[in-house]
Amino acid sequence: SVKRSKTTILVKNLPFDTSLEDLTKVFHAIGGDHPSQILLPPSKTAALVEYGHANDARRAFRRLAYKKFKHIPLYLEWAPLSEEAREQNQATPAADGHVVKDVVDKDLKSNALSTNEAADESVSQSIYIKNLNFQTTEEQLKSAFTKAGFKPRNVRIPTKAAPLKKSGASGEPLSMGYGFVEFGSEEDALNAMKSLQGKLIDGHAVSIQLSAKN
């Protein structure tokens with residue numbers, strides 16, 4: 001299994017418009033020691049946040065995992081250790097920034113456009129859609145794909161419980177701002193992803209990637 005860092009956090013599935021300043025504000029706002037560096041590659045879909053001490057990194061991880069950031073929850077995991085990247089990239093220890101970038105790029109490649117080889121039967125017939133309008137329903141999402149000429153087999157938008165109202169009654173479940181759409185074949189899933197990538201659904205430009213099965 002991949003050895004993970006205890007001081008570097010990998011932040012995944014970031015919105016397209018994320019800036020270094022946005023991330024800096026989020027990680028500085030929780031107090032304590034600030035990160036020693038934050039790296040955001042040009043693709044901007046993942047970033048690495050490095051701390052000087054494991055305790056500070058753990059604290060940031062606990063406080064920020066799944067915290068709302070721009071419309072979606074922050075997905076955090078411990079970054080693969082750069083020694084592994086060093087072996088694979090023959091980078092020198094001094095080029096740590098490059099090693100870190102390589103880890104992010106490698107993670108993105110295996111994460112986003114998974115191929116059969118990378119995902120080993122795991123590339124599913126499903127796609128993962130980010131940046132959904134919180135008002136978009138599963139029926140509306142299905143309709144967007146149907147209108148584009150596709151036939152989704154299953155559509156799912158995860159929800160969370162709404163805060164309790166003053167009356168004590170709970171409100172309608174709230175959308176998490178992302179969803180999954182399953183098709184009859186991998187080819188359909190790939191074509192649907194290409195067709196609707198960046199298109200507006202209920203006023204939101206959606207970001208789509210193939211969903212790998214766990």
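By average Cβ neighbour count within 10 Å, what is the ranking of 132-139, 34-41, 177-184, 197-204 from highest down? Let's see the in-between values first.
Numbers: 132-139: 15.6, 34-41: 17.4, 177-184: 19.9, 197-204: 13.2.
The peptides rank, most packed first, as 177-184, 34-41, 132-139, 197-204.
Quick one: dipole size for segment 1-55, taken about the Cα centre, charges +1 on Lys/Arg Cβ and -1 on Asp/Glu Cβ, in debye to the nearest 20. Mind dumping the intermediate values first?
Working: 6 positive and 5 negative charges, 66 e Å.
With only Lys, Arg, Asp and Glu charged at Cβ, the dipole is about 320 debye.
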Quick calc: nm separation of the 7 Å Cα→Cβ label points for Phe61 and Arg156 -> 2.6 nm
On the full set of protein chains, 1.4 Å probe, figure out the accessible area of Ser195 and give it in Å² to the nearest 10. 40 Å²
Past the 24 Å Cα-Cα mark, which pairs from Lys25/Lys130; Lys67/Lys199; Lys12/Lys151? Lys67/Lys199; Lys12/Lys151
Near the amide H of Asn133, under 5 Å away, which other amide H atoms are found, from residues 5 or more places off or on another chain, if H is placed in the peptide plane? His204
Around Ala79, which amide H atoms from residues at least 5 apart in sequence, or from another chain, sit under 5 Å from its own amide H, with H modelled in the peptide plane? Ser5, Thr8, Ile9, Leu10
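Show me 25-31, 69-75 ranked by packing, highest mean number of other Cβ atoms within 10 Å first.
Working: 25-31: 13.4, 69-75: 16.4.
Highest to lowest by the protection proxy: 69-75, 25-31.
The values are calculated or read from the model by the stated rules, or taken from the named source; none is laboratory data. Note that the structure is a prediction, hence the values are computed from the model and not measured. Positions of Cβ are generated from backbone atoms using ideal geometry, with glycine treated the same way; all protein chains shown enter the neighbour counts. Keep in mind that these areas ignore ligands, DNA and RNA; they rest on the heavy atoms of the full protein, side chains included. Shrake-Rupley method; radii C 1.70, N 1.55, O 1.52, S 1.80 Å.
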